[in-house]
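J.: Take this structure first; my questions come after.
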Amino acid sequence: SALKAALFVLENLKRDDGGLFHTWKSGQARIAAFLDDYALLGEAFLSLYRMTLDKNWLQESMVLAQYAFEHFNDPGSGLFFFSEKTQDISIRKRETYDGVIPSSNSVFAHLLFVLGTFTDNAKYLDTSLEMVRIMSERAIDYPSSFAGWSSLAIIITKPFHVIAIVGEDAMEISRLMNMNYLPDTIIAGSTVSSDLPYFKDRFIPGKTLIYICTGSSCLLPVETADEALSVLAGMR
């Protein structure tokens, strides 16, 4: 169902310039998308990548993040506008308060942090950290209104792990790992040789290896999900 929904969005709501439409009805897509559309859909595509290990979903998430980064940025505040530069809106607001749905800026900051960590994109990482710094005082004073920001702050200040699974059985090991609640990790994998930072030069035919990494440092690999989970438990 998730794949069907994601493919529908790409086929019907993606614009020729790489941006998105906000609505679709009766066969017609309308209205330029807003920052929350890019942030939440980017996270959805990233979740699909984690579950399927199909790098096309990682690429789609990166495309959305880059488009939003270029078209919604507000250099004066260090945050991002809710509407695109080209939209005919008299006042461009910045959404930062987290309600039942997290604010578009806090979700986008989280997306930039995860993508920046996984792809070694310093620009994304630095922007995410700066966004949290800007919002930190308000989050401390009014925590119930900034839960999304506080959640990201916890992820940033605690060790954040990338679990890179490389080899022919990456999909099965990824499935086993994803059955566990691992909030401070991103599980990624590749069944073939890949140039992505955490996979590069680590593919060995006939073997599947699990690397647990913090920042740019990785432990010696293990070969089973149980071993990886045991190592992670010892790091908490």
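The values are calculated or read from the model by the stated rules, or taken from the named source; none is laboratory data. All values derive from a computational prediction rather than experimental measurement. A quick note on method: Cβ atoms are made from the backbone with ideal geometry, for glycine too, and the neighbour counts reach across all protein chains shown. Accessible surface is based on the protein model in full, side chains and every heavy atom, while ligands, DNA and RNA are left aside. Shrake-Rupley method; radii C 1.70, N 1.55, O 1.52, S 1.80 Å.
J.: Would you mind working out the magnitude of the charge dipole of the stretch 73-150 relative to its Cα centre, with +1 at each Lys and Arg C-beta and -1 at each Asp and Glu C-beta, to the nearest 20 Debye? The partial results should precede the final answer.
T.: Working: 7 positive and 10 negative charges, 20 e Å.
About 100 debye.
J.: Determine the dipole magnitude for the stretch 2-81: charges of +1 sit on the beta-carbon of Lys and Arg, -1 on that of Asp and Glu, nothing else is charged, the reference point is the Cα centre, and the result goes in debye to the nearest 20. Each step should come with its number before you reach the end.
T.: Numbers: 7 positive and 10 negative charges, 59 e Å.
Using only the charged Cβ atoms, the result is roughly 280 debye.
J.: Helix 2-12 sits at what angle to the longest principal axis of the chain, using alpha carbons and giving 0 to 90 degrees rounded to 10?
T.: The helix 2-12 is inclined about 40 degrees to the chain.
J.: Using a Gaussian network model of the chain with C-alpha springs under 10 Å, which one of TYR38, TYR211, TYR142 is most mobile by mean-square fluctuation?
T.: Highest fluctuation of the listed residues: TYR142.
J.: So for the chain, taking the charge dipole from beta-carbon charges (+1 Lys/Arg, -1 Asp/Glu), which of SER103, TYR67, GLY18 sits furthest toward the positive end?
T.: Of SER103, TYR67, GLY18, it is SER103.
J.: Among ALA147, ALA164, ALA68, determine the one that fluctuates most according to a GNM of the chain built with springs between C-alpha atoms less than 10 Å apart.
T.: ALA147
J.: What is the distance, in nm, between label points placed 7 Å from the Cα along the Cα-to-Cβ direction at ILE134 and at ALA5?
T.: Those two pseudo-labels are separated by 2.9 nm.
J.: Per DSSP H run of n ≥ 4, the term is -39500 (n - 2.57); total these for the chain, divide by its residue number, and report the mean residue ellipticity at 222 nm rounded to 500 deg cm²/dmol. Working shown, then result.
T.: Values: 8 runs with 113 residues, N = 236.
One gets -15500 deg cm²/dmol as the mean residue ellipticity at 222 nm.
J.: Using only Cα atoms, tell me the angle between helix 225-235 and the longest principal axis of the chain; keep it within 0 to 90° and round to the nearest 10.
T.: For 225-235 against the chain, the angle is about 70 degrees.
J.: May I ask you to give the percent of accessible area on the chain that is carbon plus sulfur, with a probe radius of 1.4 Å?
T.: 55 percent
J.: Next question, about the same structure. Two decimals is fine: what is log10 I(q)/I(0) at q = 0.20 Å⁻¹ for the stretch 94-233, from a Debye sum with one equal scatterer on every Cα and no solvent?
T.: -1.10
J.: Per residue, how large is the accessible surface of the chain? Use a 1.4 angstrom probe and give square angstrom. Present the calculation step by step, with values, prior to reporting the outcome.
T.: Details: 12340 Å² over 236 residues.
Result: 52 Å² per residue.
J.: Just grab the label-to-label distance for GLU223 and SER26, each label 7 Å out from Cα along the Cβ direction, in nm (one decimal).
T.: 6.2 nm
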